[in-house]
2 protein chains.
Amino acid sequence: MSQENSEVTKNTQAAAGRGEAPATLQAQVDEFLAKSVADDLQSVLDGEFPETRQAVRELLNEVDMLPSIGLPLEESREAITGKLQQVLELGLPRGVFKEAQGGTGDTGQSLTAIEMLGHVDLSLMVKVGVQWGLFGGAVGNLGTERHHQMVTDLMNLKALGCFAMTERGHGSDVQSLETTAHFDPETKEFILNSPTASSEKFYIGNAARDGRWAAVFCQLYTPDSEESKGVHCILARIREDDGSAIEGVRIGDHGYKGGLAGVDNGTMMFDNYRVPYEALLNRFADVDENGNYTSPIKSSNARFFTMLGALVRGRVTVGAASGAATRTALDIATTYANLRRQFASDDSLPEKKLIEHRKHRLRLIPAIARSYGLQFATNKLTSRVHELDHRGIDPTNMNDKEQADQRELEAHAAALKAANTRHATDTIQDMREACGGAGYMAENYLTTLKADSDIFTTFEGDNVVMKQLAGKELMTGFARELGGLKPMEMVRFGLDSFSSLLRRRTAADRIIQNLQDTFTNSEETSLFDPAFQVKLLSEREDRLMMSLARRLRPARELSVSEAATVVDKAQDHLLAVTDAHVDRIVFEAFLEAESELNTEQGKKVFEQVRHVYFLSTLLDNAAWYLEQNMLSGTRTKAARAALNDLVDSLGPWSQTLVDAFGVPSQMRDTMLLENYDEMIPLCERTPAAGQKAAQEKEAQQ
Amino acid sequence: MSQENSEVTKNTQAAAGRGEAPATLQAQVDEFLAKSVADDLQSVLDGEFPETRQAVRELLNEVDMLPSIGLPLEESREAITGKLQQVLELGLPRGVFKEAQGGTGDTGQSLTAIEMLGHVDLSLMVKVGVQWGLFGGAVGNLGTERHHQMVTDLMNLKALGCFAMTERGHGSDVQSLETTAHFDPETKEFILNSPTASSEKFYIGNAARDGRWAAVFCQLYTPDSEESKGVHCILARIREDDGSAIEGVRIGDHGYKGGLAGVDNGTMMFDNYRVPYEALLNRFADVDENGNYTSPIKSSNARFFTMLGALVRGRVTVGAASGAATRTALDIATTYANLRRQFASDDSLPEKKLIEHRKHRLRLIPAIARSYGLQFATNKLTSRVHELDHRGIDPTNMNDKEQADQRELEAHAAALKAANTRHATDTIQDMREACGGAGYMAENYLTTLKADSDIFTTFEGDNVVMKQLAGKELMTGFARELGGLKPMEMVRFGLDSFSSLLRRRTAADRIIQNLQDTFTNSEETSLFDPAFQVKLLSEREDRLMMSLARRLRPARELSVSEAATVVDKAQDHLLAVTDAHVDRIVFEAFLEAESELNTEQGKKVFEQVRHVYFLSTLLDNAAWYLEQNMLSGTRTKAARAALNDLVDSLGPWSQTLVDAFGVPSQMRDTMLLENYDEMIPLCERTPAAGQKAAQEKEAQQ
């Protein structure tokens, strides 16, 4: 393994990445090779919509697109609002909407464009996501023709709006929202109210400053019953043109957050606030002028989940954009590691580059490998959303296959949202640390990436909830009836149908089938055998699912509260199912991507990256494999040694691996990544306060 | 195990923690019991200097000590500088200095006081640490009587100063600093210069705004030789009284960082800047007026490490204060988990508190247990520094025992600095996430704790470097000769002396001896048997050390560069030795603390906390134990089940466990921790911008 790269001189890739002129002919050859490998890898990483990626890269390389640091809150917000116009000019928003709505229907392209914003500025990504993805998505996907003008206006930034779902008391548990909308037959209006302090709409983007409208999620009441018809969404004006709150709406400001200073999160409450009945976004349920409630979907539970399902894109982009932010952090830290020298092994030796320290390679390269895999899996998810969107499926009338596809899509969106954002939070933190004190200086972007991405584990659905959701879907073979159930109901349904536990393959079916046809298992099978790799990852998922099903089965005979205890005790087991599932589908996405490479050297490097992903995943779960007697201690030790060899072998390729991410290059124009022979002292660039005052005084004299 | 707490009604502790009136007699009894347990636990956690903790708690409960959020940079700095005066009045600084210097010599008290500041505001803690710990420590410990006036002035805040060690090019590798000081015989002065861009002093606290003086670490040159005498420290004026930079000194401003907005980090460079020769802090090496260099310590290596050793307190306080910050985060998130309800298992059941979800307990309680253990170990370290300080040891003339004690102290300071700060970074992040969106609102403090504590893994020595340092000390049986060696030199010395690998016990010797005397090992030995627990943790450390020694031994026969490769390849192994060592000494500190409890119920709860610490540590390393055939898969599975039972059992005690931390109570006066029946909507407290403008307009009309 570790000898495969010997034809390439160490560290040349680093020079290539920074655009330095290589000194010798050999170095030029090496640089050419590194560049061709980076291009090959990037073509695979860029996925189905490379033109979109390139267009956004160009936009993001304009100087004024750099994240602003240290601006006061209002100025940060103003700066981001200003940048929305540039994104509009890029054409991104039209992709969010169907052609009949004045859009282009380029779903995949628009999702990819929002993802790409995450490379540079998550405040901008979130602002774009709130305006066009969430608010636009609610009006576009939950509304009907009568909301056409609003779609046009919000698309063109004539109407800025909020996605007013979360409340103080309920975030992840949307069905328990407390805001009410009562139909008034006399005036044919809905009356919006916030009946409790905990019903205050909370954390709402666009609320504190810019929003003029809101898509308000609320319990709907019609005259025929005192019971809620369930959570529905109503379009409501919240501010006058001059920015003051409209009467009947109170708006609060969350002020400073851990990050995302450019996003104006706020709160809102409604006091007998009346809106015309046509304000109901009525695609999946309607109320006529007499207050009669109708819906093409009979079950209120199914209706609710159809509505939420129409909003799945938000989850896709949150995961994808946090992936982009992670790649930026890896790009910065890896470039730094190929530049910065610290510590010599001996006075007689030169100081080593950080990348030449084993521990440093173990920090960077497995994280890079996981980012590769997550990007492949996320690209497939984006393509899948695009494809399903273009099938013209009627969500109110899906056949079994369509329902299963939709459930699978939602489960994968939830699982990859959790996996991408977990990886982002862990990796961006580690990359900050890998750059030492310099990583803590705001001007080098890592701390902003960290602070801004932090909330991604929580919003668009807390990761624990996302993983539970995905786990439940997996456990029930994506049976439609189970999707929206609370944990207890899950116990009562479905879990006796062990036959439905057969995993659905989502990736690379043909490739994997071929691998399995030729596979024979034995204690000697190589850990580098892709068929064995698939088997080890699949078995973990299968066994965890089977053992969980056995564990939950007795709960069906118990009382509700006793059964609830059984379910709670199995919560970590359910989450482990989702983790195992993600690990496998990411691996399968790796295999599929591998078949698309064009250069021999690219394939060799890529194969090693896949091995790193596989081995580090295996080792993260080594205890489980040992407990299951699926691997011996000798083999897990061998896996650890092999991982060490691989990061040694890939060390010289580390710069190439991150070059292939295609991070907008101006993110490298930082003090952190200056060459030592070009460094300008900071004290010449930013004199400290007292010194500056003295200089000014001197100039005046 | 899990039945032991049944006498206490669930969730009553939560009410006790928030000062609500319990409803029934039984609830009153429960509250009384919870309070007595919390008091008992706190008396053990508070360690040797409880009065100091209490005094700082009271200071920190004054309203104006709350961390400021969202202030512009200069105002943040100004606010923290102002608070220094309050800390001065508390008497903290005098403890840093010896009686002969006008101090009190209360080392332990001053270290504890600085630690306690970390509960509320790490900017203040760092500012205090820079002024009195680092700058004061340098002048006080490296200087002599001729620097007495400066000690007085800096103690009383008449002279604010910088600890100018780190440079852009070299941070953790202090011996390679580039700043120079040349002795000029004609004027009897040192001439300070910054010869390269990479020699710019970087990240220096107090430099950008407040500092008038700096303790400058530099290569010292005297006329007798063109070679540096090594790194020494010189006291230099850097600013005029009016705050402008003094001629010959250029000062830069780092501006915004990831956090610590109240600390004015900056840079400095010297241009033929002359200082009198008496400015050399000359305790360990002197230059007379003719430029003759003398030192009571012959070896330059030994001199360097003696000098650094005198500065060990900085490392102790950084670890300790990050521990305090972590406990605050745990306190906030645990109180929230006992208050906040979300999700019902079934429509017929009430929504569950977060703490009633298994996954949530698994997030909070093992982290609380580790915080307990780290605090016990850190308390012992503080007491040890205090004790050694009071022995009046002459660092220039230590006997073997004293040298060994000093080395052990430094290794433990380094190891616990790394362990505490790693735990802080991971836990504060996880507690932010455990509070969902509310955790991301700056007003609730978690994001500030996160942003401020982030750099603690890096400063006062990067954690990887700290762990290497500690590992090397452990590997060489603390032999003096090896302490300062580069990795290669480590190979050449000492590692053949396997006999010196016997672990030194640092804690609870008698207790552990008693345990071991009665211990018999078998496959049936309970995982709850403390003797078996000690054995499992000790064995991991021992075996890792032995296998590392075997692995490095062949390197002695190799060339320098080949041997360097061997050492690099073993880097992760060396780091694992330190981790195993910390896990063991923390466990031993647990055992020692356990013997100090006074109440029966306190002992029962405490024992479970120790089991949680032990089992979660064991499970984090389950793969290793399985690979070593020290535990069977059946036993590691049993350990996982036992950990789950324990967190279930401790769930109702979770509030009591964090109450015992004694976090200044106003950190709980946040919106996050408001009771649902007392909530005031945010929109009534902070109207959003547009709304506010409208209200003002209305008021004017």
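Each copy carries residue A:546; placing its label point 7 Å along the C-beta direction from Cα gives inter-copy distances of 3.9 nm, listed from smallest up. To the nearest µm²/s, what D does Stokes-Einstein give for chain B at 37 °C and 0.692 mPa s, using the Kirkwood radius over alpha carbon pairs as Rh? Value of D from the Cα-based Kirkwood radius: 122 µm²/s.
Tell me which DSSP H helices of chain B clear both cut-offs, 24 Å or more of axial length from alpha-carbon atoms and a mean Kyte-Doolittle hydropathy of at least -1.0. Sorted by number, the helices that extend far enough and score high enough are B:25-45, B:73-90, B:312-337, B:358-390, B:530-552, B:571-594, B:600-620, B:633-650.
On the principal axes of its alpha-carbon atoms, segment B:15-143 has extents of 62, 39, 17 Å, going from largest to smallest. What separates the residue B:641 label point from its copies, with the point 7 Å along Cα to Cβ, is 3.5 nm, written shortest first.
Distances between every pair of Cα atoms in segment B:525-584, grouped in 5 Å steps from 0 to the bin holding the largest one, split as 4, 19, 21, 17, 14, 10, 7, 5, 3, 2 percent. The order of the peptides B:462-473, A:587-598 by mean Cβ neighbours within 10 Å, most packed first, is B:462-473, A:587-598. Take every Cα-Cα pair in segment B:121-269 and report what % of them are more than 26 Å apart. Summing the P(r) tail past 26 Å for segment B:121-269 gives 21 percent. Among residues other than residue B:662 with Cβ under 13 Å from its Cβ, the summed charge is -3 (Lys and Arg +1, Asp and Glu -1).
Rg and Dmax over the alpha-carbon atoms of the protein assembly as shown stand at 31.5, 103 Å. For the protein assembly as shown, the 222 nm mean residue ellipticity estimated from helices alone, with every DSSP H stretch of n ≥ 4 adding -39500 (n - 2.57) and the total spread over all residues, rounds to -16500 deg cm²/dmol. For the protein assembly as shown, the residue among B:435, A:170, B:634 whose Cα projects farthest onto the positive side of the dipole built from Cβ charges is B:634.
Which net charge results for the neighbourhood of residue A:280, defined as the other residues with beta-carbon distances under 15 angstrom from its beta-carbon, given Lys and Arg at +1 and Asp and Glu at -1? Display every interim value, and only then the final one.
On the way: positive: A:146, A:188, A:229, A:237, A:274, A:283, A:303; negative: A:145, A:184, A:189, A:278, A:286, A:288, A:289.
Residues close to residue A:280 contribute a combined charge of 0.
Solvent-free Debye calculation, one equal scatterer per alpha-carbon of segment B:392-436: log10 I(q)/I(0) at 0.15, 0.18, 0.21, 0.25 Å⁻¹ equals -0.55, -0.63, -0.72, -0.83.
Ordering B:456, B:217 from the fewest to the most neighbouring beta carbons within 10 Å gives B:217, B:456.
Two decimals is fine: what's Rg over Rh for segment B:71-145, C-alpha atoms, Kirkwood radius as Rh? Before the final figure, lay out the partial values.
Values: Rg = 12.9 Å, Rh = 12.8 Å.
Here the Rg-to-Rh quotient is 1.01.
Across the residues of A:180-192, average count of Cβ atoms on other protein chains within 10 Å? Don't skip to the end; give the middle numbers.
Working: counts 0, 0, 0, 0, 0, 0, 0, 0, 0, 0, 0, 0, 0.
So the per-residue partner count for this stretch is 0.
Under 16 Å from a label point set 7 Å out along the Cα-to-Cβ vector of residue B:698, no amide N atom of segment A:190-220 is found.
Per residue of A:675-685, how many C-beta atoms from partner chains lie within 10 Å of its own C-beta, taken as a mean? If you can, show how the numbers build up before the last one.
Details: counts 0, 5, 3, 1, 6, 2, 14, 15, 15, 6, 3.
If you average over the peptide's residues, the count of other-chain Cβ atoms is 6.
Per residue of peptide B:245-256, the mean number of Cβ atoms on other chains within 10 Å of the residue Cβ is 6.
How far is the Cα center of segment A:609-673 from the Cα center of segment A:41-74, in Å? If you average the Cα positions of each part, the centres end up 26 Å apart.
Each of the peptides B:678-684, B:108-114 was scored by the mean count of other Cβ atoms within 10 Å over its residues; in descending order, highest first, they stand as B:108-114, B:678-684.
What translational diffusion coefficient, in µm²/s and rounded to a whole number, does the Stokes-Einstein relation yield for segment B:326-432 at 20 °C and a viscosity of 1.002 mPa s, taking the hydrodynamic radius as the Kirkwood radius over Cα pairs? Kindly include the intermediate steps, with their values, before the conclusion.
Values: Rh = 16.7 Å.
D, rounded to a whole number, is 128 µm²/s.
Of B:359, B:417, B:158, the sequence from fewest to most neighbouring Cβ atoms within 10 angstrom is B:158, B:359, B:417. Remark: B:283, B:327 ranked as B:283, B:327, counting other beta-carbon atoms within 10 Å and listing the fewest first. What the phi angles of segment B:207-221 give under the Karplus curve with 6.51, -1.76 and 1.60, with θ = phi - 60°, is a coupling list of 7, 6, 9, 9, x, 10, 10, 8, 8, 9, 8, 7, 6, 9, 10 Hz, glycine and proline written as x.
What's the local net charge at residue A:437, with K and R +1, D and E -1, over the other residues with C-beta under 14 Å away?
Numbers: positive: A:340, A:432, B:168, B:201, B:257; negative: A:433, A:443, B:167, B:173, B:200, B:454, B:460, B:462.
Net charge around residue A:437: -3.
Sorted by average packing, counted as other Cβ atoms within 10 angstrom per residue and highest first, what order do A:159-169, B:333-343 take? Don't skip to the end; give the middle numbers.
Details: A:159-169: 25.5, B:333-343: 23.2.
Packing order, densest peptide first, comes out as A:159-169, B:333-343.
Computed from the coordinates by the stated procedures, all read-outs in this text should not be read as laboratory data. All values derive from a computational prediction rather than experimental measurement. Every residue, glycine among them, receives a Cβ derived from its backbone with ideal geometry; neighbour counts consider all protein chains shown.
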